[in-house]
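Enquirer: Sharing a structure here in structure tokens format.
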Amino acid sequence: MAQRIRRLKIDPSALVYTRTIYFDTIENYCRGTKMTRDELESQLGSDGFTVLRGDSPPLVLYNANAPVCRRAFTLAHEVGHICLGHRDDNPENEAQANLFAANLLMPRILLFELKRRYGHISAGYICRVFTASRQAAELQMRQTADEFSALERELLRAYAGLLSSPGEPELGF
């Protein structure tokens, strides 16, 4: 499954998944269903959410007016709920979806490699290099402080050759 990732800034709606996931804006969904945005948000929230209907592929709806970094995290968070098989929004599922989103947008092994190459990196730096809000960057920085597993160390060796040295790192193929 080729992802065609060429930059560290990930758009979760452009990735290839093992199952079909549709993405649309809350605004388009409201136009199509004749619901008002207020009606929809009162039922489901304002940043984004997933609509599950029987055997149909999940539909992730998002706020097109949200800042890019917020929108990316919302999409990644909703994809996390889908991939993890969540059916409700209890606190444990929300924490798991947040962790999934942080790792999708800012893989720990890449942060570790950036730290190794450039020394201390700040949350602001992570925000600029990845599609991340400060809150998401800080969450991932806390996670990166933990020890790596054997698989992560193996992946780190594979990723090490993908980061360019000068300026803002990008993945290269």
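Each reported figure results from applying straightforward, stated rules to the coordinates on display, with no laboratory input. What you are looking at is a predicted structure, and each value in this text was computed from that prediction instead of being measured. Backbone-built Cβ (ideal geometry, glycine too); neighbour counts: all protein chains shown.
Enquirer: For THR25, enumerate residues with amide H under 5 Å from its amide H, sequence gap 5+ or separate chain, H modeled in the peptide plane.
Expert: Hits under the 5 Å cutoff: TYR62.
Enquirer: Could you work out how far apart the two model spin labels at ARG87 and THR25 are, taking each label as a point 7 Å from the Cα in the direction of the beta carbon, and quote it in nm?
Expert: 3.4
Enquirer: Still on this structure: Please report PHE73, PHE100 as a ranked list, fewest other C-beta atoms within 10 angstrom at the top and most at the bottom.
Expert: With the fewest neighbours first, PHE73, PHE100 line up as PHE100, PHE73.
Enquirer: Near HIS77, within a Cβ-to-Cβ distance under 9 Å, what is the net charge of the other residues, with Lys and Arg +1 and Asp and Glu -1?
Expert: Working: positive: none; negative: ASP47, GLU78, GLU94.
That works out to -3.
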